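The values are calculated or read from the model by the stated rules, or taken from the named source; none is laboratory data. From a predicted model like this one, the values you see are computed outputs, not experimental measurements. So basically every Cβ, Gly included, is an ideal-geometry build from the backbone, and we count neighbours across all protein chains shown. Side chains included, ligands, DNA and RNA excluded: accessible areas come from the protein's heavy atoms. Shrake-Rupley method; radii C 1.70, N 1.55, O 1.52, S 1.80 Å.
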Amino acid sequence: MGLARVGDIELSYQRSGSGPPLLLIMGMSGTALHWGEPFLEPLRRDFEVIVYDHRGVGSSSRLEGPLTIRQMADDAAGLLAALAIDSAHVMGISMGGMIAQELVLHDAERVRTLTLGCTYCGGEGSALPSEDILRRLGEGRASGDRERAIRASWEVNVSPSFAADPDAWARFLEIGLRRRVAVAVIMEQLRAGAEHDTSARLPQIALPTLVIHGTLDELIPVQNGPMIAGLIPGARLEIIEDVGHLFYWERPERSAELIRAHAAVHA
């Protein structure tokens with residue numbers, strides 16, 4: 001991982017693969033490692049893939065003060081500028097999808113195509129996690145047992161059948177143990193996401209947009225996908241059956257192909 005100076009902070013990033021640039025924006029409590037090799041590897045055949053850790057995560061600068069989605073969108077734009085990339089295909093998932101919405105609304109010239117995965121826009125008709133899901137995640141974090149906290153996150157991020165896969169769980173656990181995200185950072189990210197509302201501005205987006213959502217998503221319910229796609233003119237909606245929040249973990253090849261096809265159509 002390299003370090004890029006973005007304003008008054010540094011962001012840890014990695015570039016790999018060959019082709020037009022593709023910036024991947026991770027969600028709440030996630031790190032650059034959480035994209036997973038089964039998803040990244042097929043993308044590298046067609047794109048120069050750029051992944052990074054948000055401020056407060058990994059080797060990126062420590063989080064100082066409150067956090068906003070707009071601030072993190074400025075970080076993403078600043079990272080592209082620091083890497084001398086005029087524009088890139090952009091995919092954001094979950095909180096990263098909220099960041100991608102703000103990025104395209106304020107720096108549209110930086111974005112070639114937009115992919116929004118398992119994300120949320122706020123406004124009437126949108127839905128956030130249930131109290132039960134938040135309670136399960138909170139109990140895991142409050143337990144003081146790192147593996148229990150990661151297991152709670154795992155079980156609400158994927159479908160029940162995938163959660164029972166021992167190999168997939170082992171990969172997720174290893175990533176969580178290797179790069180820890182502080183609870184204080186996660187809580188700031190959660191607060192920033194809860195305040196996010198682009199619903200009235202999404203009709204301003206004039207870029208090719210793909211919206212992806214899994215039917216079994218417990219963190220950001222599937223109803224958010226059709227809502228977002230309906231608000232962005234010309235957006236294409238792809239609903240993936242029987243997968244949870246981390247659809248790109250459960251269907252990595254299909255997810256990569258959707259992004260590849262979306263970028264190719266609008267090349």
In the range 128-224, GluC sites (Glu not before Pro) in a DSSP loop with at most 15 other beta-carbon atoms within 10 Å: Glu195
Solvent-free Debye scattering, log10 I(q)/I(0), computed from the Cα coordinates of the range 9-157 at q = 0.15, 0.20 Å⁻¹: -0.83, -1.33
Rg/Rh (Cα only; Kirkwood hydrodynamic radius) as it applies to the range 146-207: 1.14
Net charge of neighbours whose Cβ lies under 11 Å from the Cβ of Gly122, counting Lys and Arg as +1 and Asp and Glu as -1: -2
Value at 222 nm in deg cm²/dmol, rounded to 500, when DSSP H runs of n ≥ 4 in the chain each add -39,500 (n - 2.57): -12500 deg cm²/dmol
Inter-part distance where the range 128-180 and the range 219-256 are each reduced to a Cα centre, Å: 21
The range 166-267 - Rg (one decimal) and Dmax (whole number), Cα, Å: 16.0, 44
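So, counting K/R as plus one and D/E as minus one, what does the shell of residues with Cβ under 10 Å around Ile240 add up to?
With Lys, Arg at +1 and Asp, Glu at -1, the neighbours total -3.
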In Å, descending, principal axis extents of the Cα set of the range 73-179: 43, 36, 26
Binned Cα-Cα distances of the range 223-267, short to long, each 10 Å bin given as a whole percent: 24, 49, 27, 0
Debye intensity ratio I(q)/I(0), log10, the chain, q values 0.08, 0.10, 0.12, 0.14 Å⁻¹ (C-alpha model): -0.27, -0.44, -0.65, -0.93
Whole-percent carbon and sulfur share, accessible surface of the chain, 1.4 Å: 51
Heavy-atom surface of the chain, accessible at 1.4 Å and reported per residue (Å²): 41
Residue of Met187, Met72, Met26 that the Gaussian network model of the chain assigns the largest fluctuation, springs spanning Cα pairs under 10 Å: Met187
Environment charge of Leu177, counting only residues whose C-beta is closer than 10 Å and scoring Lys/Arg +1, Asp/Glu -1: +2
Residues with amide H under 5 Å from that of Ala88, placed H, sequence gap 5 or more: Val111, Arg112
Where N is the number of residues in the range 29-77, Cα Rg divided by 2.2 N^0.38 Å: 1.34
